[in-house]
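Structure first, then comments.
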Amino acid sequence: MAAGHGHEIMIKDTLVFLFAAGVAVPVFRFIKLPAIIGFMISGLALGPFAIGALSENYPVLEYISMSSVEAAAPFAELGVLFLLFLLGLEFSFEKLWGLRRIVFGAGGLHASLSAAGIAMIAWLINPDPVFAIVCGLALALSSTAIVMQLLVENKDATRPVGRTAFGVLLFQDILVAPILIFVGLVDIEAGESLSGVLIGAFVQGLIAIGVIFVIGRFLLRRLFRMVAASGGRDFLMALTLLTLVGASAITAVAGLSLALGAFLAGLLLGETEFKHQAEVDLEPFKGLLLGLFFMTVGMGLDIPAILARPHLIILGLALLLTIKLCAGYLATRLMTGNRKTSIETSFYLAPAGEFAFVVTAAASAAGVLPPDITALLTAIAGLSMMITPAMATAGRKISNLLVPEQAIEESEEISDFSMQKGHVILAGFGRVGTVVSGILREEGVEIVALDRNTRYVKQAREAGLRAYLGDASRPEMLNSVGLDGASAFIVTVDNPSIVEAMVRSVRAERPDILILARAHDQGHAASLEKAGADYVVPEVVETGLQLSGETLHRYGYDYETVRSLLAAERDRQYHSQDPDAEPNQMTGVDTKKDPERTPGQ
């Protein structure tokens, strides 16, 4: 009976969440509020401290409120893992190494200054060093999920502010394990040494990262190729999820952040040809699960505690933002030297993060933080997270106001194909695609290839081409390889129905792009022209022309005459599908044959 009751609660909570995602959040978006704020407000309204609190007096309200924050937590955490995994796909080890000054320099300085400033304020409240340090560490870190999602939504992820903020957040994820170890050391058993615990944790972390690296470098690509060759998209999806969750579990066992494992998994998969396929497959799930995460943040806000001490909470929020704004600006300015980037980054990172709830809960269980202080810190952290979008907007406006001369930033290396311009997308890398790419690359044309056959993708990558496993008839896949900026789309696939689907999809997304397609015969060519292809080559016609041309030459026709005859016949064949088309005028056709031989001989 109890199990059935729990099952009913889970179904009811799922319906409430889907209502928020499918109805409430779109309403907030309609009135120009960011989706993050929409999910947080929905969680706040539907959580246990708002409508849920009234359900005791009005039982009907139980059916429109979330019953269990704890039950939603694992799914919310999975949304954060998806976000970090997808971010990892866009990076490379070279780019990550290039950020080392930001990660360890700006990240370390930002965390140190923020924790020290907050600890000083906590010391004034309670002159206990452990109490002060725990308060400082709890609020010093920012929300990776919220900040990175905002960077993506604001199209700042590939700008200097995005790279800087990401570097700082990555260092904060690395700090999770040492901070939790420190909080746990409050109750350290007699005989244990601090240095021994820290060294053990450090070794465990290195082993975990090493295991992930070895699996990714030597097994990951082979596994994906095997599954793609024998299974299909469903099995690839399962393997992608296994890679994501498995890497996160490895880092979690070592005491590191789950998000760090997900990022490393994405980083390794991003080095393979399956990068864009994984990105497209996971994107919808990431949005929904992240929404659940943002809802849990709103649900965790203790409204009665906030209303009981509003002045104290507002003062604490103001102090938190001030300290972290100063720390963020100083740290990033010293490491980047860019005033505009430093202002924007500091506003992104000023609010607290979800890690505050973890630290305060652990410290409260250890007896370091009394319940009233725990409620105060979580209320400040939760409110600061809710205003992160407003802080990001304010930072952008202030930076533009104070530093207008730096509005045009230095040119950046293209980090993904969505920002690339002028390249050619080649769908299909069989025999025809190989010939086409070879000729175009000789002339310096930038090519991005897509194919649904892993053998062809492997062949293309071995030839030095940027090739990925993917279906070029799917709009999201086309967008991930930069259809918006592409100069042409060439399809060489030999399956008529698939070719037509690709042409229609590309034409629907880009009405102005040049589309060149390979057709099976004249009927197929006509269908492709109606679907939106600009130029179609029927392989049956071309094969027939080449064979007949060689036959004529062997019967004694000179090469110039053969070329002229073939050109005239090609023109007639290509225009026979459209009677209204004006045929090319072939001039100077020399039909003179070798007098010594005729086709009849």
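Key figures
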| read-out | value |
| --- | --- |
| Subset tally (residues that are surrounded by fewer than 19 Cβ atoms within 10 Å (Cβ to Cβ), under 33 Å from the mean Cα position of the chain (by Cα) and among the small types (Gly, Ala, Ser)) for the stretch 489-531 | 3 |
| Positions within the stretch 357-371 being in contact with a Ser or Thr (Cβ under 9 Å, 6 or more places away or on another chain), in a loop (DSSP other than H, G, I, E, B) and exposed (fewer than 15 other Cβ atoms within 10 Å of the Cβ), in sequence order | 370 |
| Single residue of the stretch 1-59 satisfying the filter (crowded, with 16+ Cβ neighbours inside 10 Å and not in a helix (DSSP H, G or I)) that is modelled with the lowest pLDDT | 34 |
| Extreme residue, nearest to residue 271 (Cα to Cα), among residues of the stretch 465-518 that are out of contact with any strand residue (DSSP E or B) (no Cβ under 9 Å at 6 or more places or on another chain) and of a type in the set (Lys, Arg) | 474 |
| Single residue of 341, 296, 322 found to be farther than 30 Å from residue 16 by Cβ and surrounded by 19 or more Cβ atoms within 10 Å (Cβ to Cβ) | 341 |
| Filter result for the condition that a residue is in a strand (DSSP E or B) and modelled with pLDDT of 80 or more, over 525, 517 | 517 |
| Condition met for residue 254 (free of Cβ contacts under 8 Å to residues at least 60 places away in the same chain and in the same structural domain as residue 178 (by TED's automatic domain parsing)) | no |
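The values are calculated or read from the model by the stated rules, or taken from the named source; none is laboratory data. Only a predicted model underlies this, so the values are computations on that prediction, with no experimental measurement involved. With ideal geometry, Cβ positions are generated from the backbone for all residues, glycine too; neighbour counts draw on all protein chains shown.
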